[in-house]
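Only one structure is covered here, and it is reproduced in the block below.
Quick note: the coordinates plus some simple rules give every number you see, no bench work behind them. If you're wondering where the values come from, they're calculated on a predicted model, not measured in any experiment. Cβ placement follows ideal geometry from the backbone for every residue including glycine, while neighbour counts extend to all protein chains displayed.
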Amino acid sequence: MGLLDTGYVYARRYREISNVLLKHGLGYFFERFGIRPFRSLRERLFGPSIKEQLLVLSEAERLRLALEELGPTFIKFGQILSTRHDLLPEEHIKELSKLQDRVPPFSYQDAKKVIEKELQKNLDEVFISFDPEPIAAASIGQVHRARLYEGDDVAVKVMRPGIEKIVETDLFILMNLAKFAEKHIKGSRFFNPVGFIEEFSRVMRQEIYYIHEAQNADRFYSNFAGSTTVRIPKVYWKYTTKRVLTQEFLEGIKISHIPQIEASGLDRKKVSTDLANAYLKMIFEDGFYHADPHPGNILVSLEGKIIFLDFGMAGYIDPLLRKNLVNLMIATMRSDIDLLIESLEEIGLVSEAGSEGPEIRVNLEDFINTYYDVSTKFIDPTDFLRDLTDVLIRSGGRIPTNIMLLSKTLMMRDEINRRLDPEHNFAELTEPYVKKMIEERGTVSYIMNETEKSLSDFAHLMRIFPKKAINILKKTERGRLGLELEHRGLETAIEELDIISNRLSFSLIIAALIVGSSLITQTRMSPSLWGVPLLGIFGYLLAGIIGMGLVISILRSGKW
Ligand SMILES: Nc1ncnc2c1ncn2[C@@H]1O[C@H](COP(=O)(O)OP(=O)(O)O)[C@@H](O)[C@H]1O
Ligand SMILES: [Mg+2]
């Protein structure tokens, strides 16, 4: 494509986009950007040609229809936006969650051409039979049923011809709009539009690269190898490229077709429990989960196994996030506000600089004090994550995409679970997974083994102590700088601050010594005196001496 040609493609697509938005009465999107949308002469003379039947719809509905019409990039964009409770009002979130990616299929001839070009073979050299009618068609690709020469039944996903170019053009246009917004729209920087589109482009490019989906499928396949409750289709790598994905064909009933599930003699409650447990395993054990659990992507096999399909979107939970998610639930159950805030800081839900303002702590305290009702026994991570992110958003916080994705996935799962079993209790099923994680953590250090909760609290304090100390020192430093700037000459105030920060530092050192010595005394470290390690005794003594000194200096100053 030449430069001029490229320019023409962009201009044409840009015009298409503006036409669709205008048609749905959404022209003000452009006005917000200070851009004039393309208007025909007729429109300029007679006003915009908004379809009247569209105007009876709400703005959110019109937005959804417009995005559906604009194709895969915008459909995905809308789907991702639908997880952002921090950016959009509830009505829009609801409507965007309904975004459907169903378009007329492309022809068998086109599908054949793509497959032959990609596999470098004639279609009938690979398949004994190939159903020319697709099972399903979406804007990026469609799925055909076929049989390999080896005899295996397969589902062949074929990419729609020309879709990569459309997606790249759309991403280019979206990026330009984001840059424009960041430069010209006041306050837009807070939402980091360029970063958002960068991240979105990454996700979108994975969608038009089937190898990525095949790799995800492979990973789920090995994570669930040997499972008695879950089946994942095998990938046929020999017949898989970036535009063709060949997988084992798995027969099943759509998980939302409950009458059919029951008619097959399957126990819907067991199906529900198996689905929930599959999610708990993916989240708490594998750290890798299927992030698009809408009913079209999950089947139930005739033997009652859960079949996952469509691995275009997967979520990751690294060990740090996993640990902190558990800590957040424990903190809430124990009403431990410090542990809650510390865990939130560790995963970036609350900034350590406290940029969200003081109300965030107050709101979190309210949350923790009212959230957990002891009679419910255990927390449901679905509700918990939704409610916690709501509190943070209301307090002016920002939620990272991976956490929004997890929350959204859990909610989609919840919908299916409740349809299958109105008495579904996810909290109860979660408990053993969380308990197991806590136990595993306990065995990491032998010190933890010997003692009960008090020591594990000590260990926790020891771990966070250096960070806390640095934080406090940083804050003191910052405070001092502020004072110097604002009240030049008020040396006495600064001197006082010096004294305060010194005393604070001493207190911290004493605390560290006591905690450290306590830990040491729990061990059998030699040399020891009456079975107590000498190093521990020495630590206590040192803490005692510094402590006495501190008390004396405070008493002397007369300020107590
Ligand atoms: N391995 C498979 N076995 C059986 N049916 C499949 C398989 N893969 C896809 N399908 C069918 O094709 C449909 C679309 O496939 P999917 O991977 O979900 O594509 P999309 O990304 O377009 O949603 C599925 O809902 C299912 O009906
Ligand atoms: Mg699908």
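My understanding is that a pair violates if its Cα-Cα distance is over 22 Å; which of Lys183/Lys408; Lys94/Lys269; Lys323/Lys408; Lys94/Lys408; Lys98/Lys186; Lys323/Lys436 do that in this structure?
Violating the 22 Å Cα-Cα cut-off are Lys183/Lys408; Lys94/Lys269; Lys98/Lys186.
Could you go through region 411-428 in sequence order and give the Karplus-derived ³J(HN,Hα) for each residue, using 6.51 cos²θ - 1.76 cosθ + 1.60 with θ = phi - 60°, rounded to whole Hz, and x for Gly and Pro?
5, 5, 4, 4, 4, 5, 4, 5, 5, 6, 9, x, 9, 3, 10, 5, 4, 4
Which order results if Leu123, Leu385 are arranged by neighbouring Cβ count within 10 Å, fewest first?
Least crowded to most crowded, the residues run Leu123, Leu385.
Just rank Asp336, Asp414, fewest to most, by other beta-carbon atoms within 10 angstrom.
Final ranking by Cβ density, sparse to dense: Asp336, Asp414.
Could you tell me which of the pairs Lys238/Lys281; Lys234/Lys305; Lys113/Lys157 are separated by over 20 angstrom between their Cα atoms in the structure shown? Present the calculation step by step, with values, prior to reporting the outcome.
Values: Lys238/Lys281 30 Å; Lys234/Lys305 15 Å; Lys113/Lys157 13 Å.
With Cα atoms farther than 20 Å apart: Lys238/Lys281.
In terms of the Cα gyration tensor, with a ≥ b ≥ c the square roots of its eigenvalues, is region 52-140 rounded because a/c is under 1.5, prolate because a/b exceeds b/c, or oblate?
Here region 52-140 falls in the prolate category.
Out of residues 5 or more away from Ile253 or on other chains, whose amide H comes under 5 Å of its own, with H placed 1.01 Å from N in the peptide plane?
Distant-sequence amide H within range of Ile253: Val300, Ser301.
Taking the alpha-carbon centroid of each part, what is the distance from region 235-292 to region 356-388 in angstrom?
Result: 32 Å between the Cα centres.
Give me the percent relative contact order of region 322-395, please, defined on Cα pairs under 8 angstrom at least 6 residues apart.
On the way: 49 pairs, mean separation 25.3, N = 74.
Worked out over region 322-395, it gives 34 percent.
Given a cut-off of under 8 Å on Cα pairs at least six residues apart, what relative contact order in percent is computed for region 253-444?
27
Please arrange Asp366, Asp274 by counting, for each residue, the other beta carbons lying within 10 Å of its beta carbon, fewest first.
Asp366, Asp274
Taking region 184-320 as the region of interest, what is the percent of Cα-Cα pairs per 10 angstrom bin, listed from the shortest bin to the one with the maximum distance?
Whole-percent P(r) values from 0 Å outward: 11, 35, 30, 16, 6, 2, 0.
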